[in-house]
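Before any comments, here is the structure.
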Amino acid sequence: MDRYGTLEVADMSVLKRGMVIDVNLNPTKGSETGKIRPCVIVMNDTYNARVPVIQVVPLTAWHEKKTRVITNVKIVPSSRNGLTKQSVADCLQTRPIDHRTRLVKIRGELEAQDMVKIGDALKIVFDIT
């Protein structure tokens, strides 16, 4: 870690599918999700190890209304995932990021059942059967 508490990632293979990472999503345009926020890596580990651009799903603060959206996945905080409050994985806001410039820190990793729910939501978003 550097003096700011940011994990320095020299080896791209450190980033794995299911990890919760803080990402600087600014600048944004229109209705895109912005600011520094936790995100979940959803790209497969083969690509995560080979390319600097990875696919993430931003997390936002939990609200009952947000869980009614079929492509939102409620995430409960735990010591394993590093979250401090209930969150929602907003699968409609999936986006590519260059981790070399946008990664702030690594928080932890989601449970397998959360990743299954996110995978199911992404299938709906991208119309994959």
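Summary table below
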read-out	value
Residue 29 outside any strand (DSSP E or B) and loosely packed, with under 13 Cβ neighbours inside 10 Å	yes
Meets criteria (assigned to a helix (DSSP H, G or I) and either under 15 Å from residue 103 (Cα atoms) or modelled with pLDDT of 95 or more (or both)) for residue 13	yes
Any hit, the stretch 106-115, residues being in contact with a Ser or Thr (Cβ under 6 Å, 6 or more places away or on another chain) and under 17 Å from residue 24 (Cα atoms)	no
Number of the condition not met by residue 101 [criteria: (1) over 13 Å from residue 16 (Cβ atoms); (2) of a type in the set (Val, Ile, Thr); (3) surrounded by 13 or more Cβ atoms within 10 Å (Cβ to Cβ)]	(3)
Every residue from the stretch 35-73 that is β-branched (Val, Ile, Thr), closer than 12 Å to residue 99 by Cβ and either free of Cβ contacts under 8 Å to residues at least 24 places away in the same chain or not in a strand (DSSP E or B) (or both)	51
Qualifying residue in the stretch 76-87 (condition: aliphatic (A, V, I, L, M) and assigned to a strand (DSSP E or B))	no
Output for the stretch 88-105, where each listed residue is part of a strand (DSSP E or B), more than 11 Å from the chain's Cα centre (by Cα) and more than 19 Å from residue 51 (Cβ to Cβ)	104, 105
Positions within the stretch 108-119 being among the acidic types (Asp, Glu) and either assigned to a strand (DSSP E or B) or exposed (fewer than 14 other Cβ atoms within 10 Å of the Cβ) (or both), in sequence order	109
Selected residue [at pLDDT below 95 and farther than 16 Å from residue 33 by Cβ] from 107, 80, 100	100
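Okay, residues lined up against (1) out of contact with any His (no Cβ under 9 Å at 6 or more places or on another chain); (2) within 23 Å of residue 123 (Cβ to Cβ); (3) crowded, with 18+ Cβ neighbours inside 10 Å:
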| site | (1), (2), (3) |
| --- | --- |
| 15 | no, yes, yes |
| 24 | yes, no, no |
| 44 | yes, yes, no |
| 51 | yes, yes, no |
| 59 | yes, yes, yes |
| 68 | yes, yes, no |
| 82 | yes, no, yes |
| 106 | yes, no, yes |
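The values are calculated or read from the model by the stated rules, or taken from the named source; none is laboratory data. Bear in mind the structure is a predicted one, so any value in this text is a computation, not a measurement. Neighbour counts are summed over all protein chains in view; Cβ atoms, including those assigned to glycine, are modelled from backbone coordinates with ideal geometry.
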